[in-house]
1. Per-residue counts of other Cβ atoms within 10 Å, averaged by peptide: what ranking do you get for 89-96, 22-29, 4-11, highest first?
2. In nm, to one decimal, how far is the Glu22 label point from the Leu5 one, both placed 7 Å along Cα→Cβ?
3. So how do Asp40, Asp18 rank on accessible area, 1.4 Å probe, biggest first, that is with the largest at the start?
Amino acid sequence: ARFVLRTLVDNAWRHRGDHPFELVVRARRVGRVVAVEVEDHGPGIQDPASLFRYLGVRRPRSASSGSGVGLFLAREALRVHKAGEIGIVSTSEPTIFELRFVVVNEQSTASSSA
């Protein structure tokens, strides 16, 4: 989870353009699922083809800067470890990504925070 959050924060910082850096993180729990939204107020994902980068497909030459490797690795880390999912909620300003994690063992979480 830390790697994925760091990737989203790093991407928001690097791709903010001339926009001031503003990041909003919201978390909510519904049953056994914790959803974390990471929202930035940069220029948004300007080129819809950039979504292909998120999916791990080579980007067209006309796409904005960035290779999408960070988002691809974040998604793969979640998939490989069966830790959750990442999705795109909004590609315009604000850009919003949502992470979803399933709470596996609440008892160990409660005892480790005591």
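The values are calculated or read from the model by the stated rules, or taken from the named source; none is laboratory data. Please read all numbers here as calculations on a predicted model, not as lab measurements. No Cβ is skipped: glycine too gets one built from the backbone with ideal geometry, and neighbour counts run over all protein chains shown. Calculation scope for accessible area: heavy atoms of the full protein, side chains included, ligands and nucleic acids excluded. Shrake-Rupley method; radii C 1.70, N 1.55, O 1.52, S 1.80 Å.
1. The packing order, highest mean first, is 4-11, 89-96, 22-29.
2. About 2.2 nm, to one decimal.
3. Result of the area sort, largest leading: Asp18, Asp40.
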